[in-house]
Amino acid sequence: MKNILCFASVLLFQFTFSQVSGNINYQSQVRYTDNNINIETPSTDIVISIKGLANVKAEKYVAVFSLTQVGETAEEVNELMDKRMNTALSQLKTNKTLETYIDMVSFVPAYQYSAEKKLFSKKTYNEIPGGFELKKNLHIQFTNPSQLNEIITVLSKNEIYDLVRVDYFANSLETVKKELMNKAKLAIQEKVKNYEIILGETFTNTTKTINDGFKTSLPTEMYKSYEAYSSSTLALTRIANVNQATKSTTLYYQPILDKEFDFVINPVILEPVIQIMYEIKMVISKEKKQQKDNKSYILITPNGEMRDLNINNAQ
C-alpha cells in the first residue's frame, strides 16, 4: 500500500480586484509581482512540479468615486454636497442595472491663520476655524465595462471627477480552482510515469510528500508606468540653458505571461483579468520505504496447547 504524506498549504485569495486601474496607481506606482508561489521543498533527490494558470473574467464591477466639499458653515457644506450627490444619483438611477452606495469618509473643520500683532515682539499666527470640509465616496455597481463611460459622463456634469478605483467580482473562482487542481493532478501523474521510464525504475515503494498552493494576481498589482517621448540630440547644454518639456507618463496593464506554466485555462487575454496560479510539487525520496515483516503470534492455553492467532502488523 502506498503511503503518501500530503501537506496542503493553500493560500487565501480575494474575490475583488481592479479592472480599471483608477487614480490610485498614479500614487502607489505598483509593479507586477512574480508568479512564484514559494512552496518550501525539503532537500531530496527528485522534485516533480506542475504549474497552472487560469485567467478569469469579471461578472460585476464596483467603481469608487471620491467627492470633497468645503464651505464656511456646516449647513452650507451639507447643502452643496447633497446638491451634487442627489443630482448625480437621480440621473444614474434611470439605468435600473446600476446600484449605488454612499460612504461617509470625514467631516472636519478647516483652519486658517490669524496674525496676532504685539508691540515689542514678533507676530504670532494662530489657527482659527475657517470653514468645514466634507468627504464622501460614491460606490457604483455595474455589470458591463462599457457602462463606466456613461457613469463618468453623468458624474463629471456634477463636478465628480476622482475615480479612485474599479473593483470587480467573479463567482466562478472556486470552480476554477478545482479545475486547476484536477488538471495538475493528471499532469503530475504523467510526469511521474515519464520519470520512471527514463530512470528504468518504479517509485511505488518510495517515500513521497506533496506540497501545493494557490496565488492570486489582481490587476491593480499588474500596472506598469510608461513614458514615451523623443528629445533633441543637439548638444546645446554647453552654449545655452535648456528647459526640458514635461513628459507624459501613463500606465499599462502587464499580466503574468504564460510561458512558465505547464497549462493555461483561458489563455487569450483581451481585458484585465484575475489570474489564479496553482502549483503542486511532489518530492520523491531516494530511500525506499522499509517493508515491515509480518510476525506470527502463538497462544499457549492452560492445557499446553498452542494456537496460531494469525495477527499481522498494521500497514
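The values are calculated or read from the model by the stated rules, or taken from the named source; none is laboratory data. Being a predicted model, the structure only gives us computed values, none of them experimental. Methodologically, a virtual Cβ is constructed for each residue, glycine included, from the backbone with ideal geometry; neighbour enumeration extends over all protein chains shown.
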* Structure fact -> Of the residues in the stretch 240-261, those that are under 13 Å from residue 54 (Cα atoms), touching a Ser or Thr at 6+ places or on another chain (Cβ under 8 Å) and not aliphatic (A, V, I, L, M) number 1
* Residue ranges of strands (runs of 3 or more DSSP E) in the stretch 1-102 with at least 1 members at pLDDT below 60 and more than 30 Å from residue 269 (Cα to Cα) -> 4-8
* **Among (1) within 30 Å of residue 209 (Cα to Cα); (2) at pLDDT 70 or above; (3) among the charged types (D, E, K, R) - the single one residue 295 does not satisfy** => (2)
* Asked: Which one is nearest to the chain's Cα centre (by Cα) among residues in the stretch 46-79 that are within 30 Å of residue 178 (Cβ to Cβ), β-branched (Val, Ile, Thr) and surrounded by fewer than 17 Cβ atoms within 10 Å (Cβ to Cβ)?
  -> 47
